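Note sheet for the following structure.
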Amino acid sequence: QVQLVESGGGLVQPGGSLRLSCATSRSIFDIARMGWYRQAAGKEREWVAFITNFGGTNIADSVKGRFTITREITKKTVYLQMNSLKPEETAVYYCYCRESTTGKDSWGQGNHVTVSS
């Protein structure tokens, strides 16, 4: 199983920005994709974005134009830059990755993001 360590959550005002980080114990090239889901209280988990081992990205329509996913290969870290945050985006954000060889998913511990004035 791939170890994922998340950081960067917290409290932000509506319209503000936060950057989440997710560091993996394995080479990014061993991982087919890496990204985030989020889960608000009382709601189902929702996919947000991922980046592939080739550097391609896919962003959910609900956050497109406001969220950006990038990576730093040497640090084996992926980032989710979140701008223009809305109160309804308050949730626990979970980093995940899918291994290239097994197709198995691993999950981070989750990061609380609270958007409130």
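In what sequence, largest accessible area first, do Phe29, Phe54 appear using a 1.4 Å probe?
On the way: Phe29 115, Phe54 185 Å².
Largest to smallest exposure gives the sequence Phe54, Phe29.
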**Item:** Heavy atoms of Arg26 accessible to a 1.4 Å probe, total area in Å² rounded to 10
**Value:** 80 Å²
**Item:** Thr57/Arg26 FRET efficiency (R0 22 Å; Cβ-Cβ; nearest 0.05)
**Value:** 0.65
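Heavy atoms only, probe 1.4 angstrom, no DNA, RNA or ligands counted: give me Leu11, Leu18 ranked by accessible area, highest first.
Working: Leu11 125, Leu18 30 Å².
From most exposed to least exposed: Leu11, Leu18.
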**Request:** Please report, in whole Å, how far the alpha carbons of the range 47-88 spread along each principal axis, starting with the longest.
**Result:** 34, 17, 15
**Relative contact order for the chain, counting Cα pairs under 8 Å that sit 6 or more residues apart, in percent** = 37 percent
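Given N residues in the range 42-117, what is its alpha carbon radius of gyration divided by 2.2 N^0.38 Å?
On the way: Rg = 13.3 Å, N = 76, 2.2 N^0.38 = 11.4 Å.
Normalised Rg, Cα atoms only: 1.17.
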**Message:** Once R0 is set to 30 Å, what does the formula 1/(1 + (r/R0)^6) return for the Cβ-Cβ distance between Leu11 and Asp105, expressed as a FRET efficiency to the nearest 0.05?
**Reply:** 0.55
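Quick one: pull the percent of accessible area on the range 28-117 belonging to carbon and sulfur, 1.4 Å probe, ligands and nucleic acids left out. Don't skip to the end; give the middle numbers.
Values: 2260 of 4660 Å².
Ligands and nucleic acids excluded, carbon and sulfur reach 48 percent.
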**Prompt:** If you average 1/r over all unlike Cα pairs in the range 1-64 and invert the result, what Kirkwood radius do you get in angstrom?
**Reply:** 13.5 Å
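Can you compute the FRET efficiency between Gln39 and Thr74 using 1/(1 + (r/R0)^6), with r the Cβ-Cβ distance and R0 = 22 Å? Round to the nearest 0.05. Before the final figure, lay out each step's value.
On the way: r = 31 Å, r/R0 = 1.40.
Efficiency computed from Cβ-Cβ geometry: 0.10.
The values are calculated or read from the model by the stated rules, or taken from the named source; none is laboratory data. What you see is a predicted model, and the numbers here were worked out from it, not measured in a lab. Note: ideal-geometry Cβ built from the backbone for every residue, glycine included; neighbour counts use all protein chains shown. The area values use the complete protein model at the heavy-atom level, side chains included, leaving out ligands, DNA and RNA. Shrake-Rupley method; radii C 1.70, N 1.55, O 1.52, S 1.80 Å.
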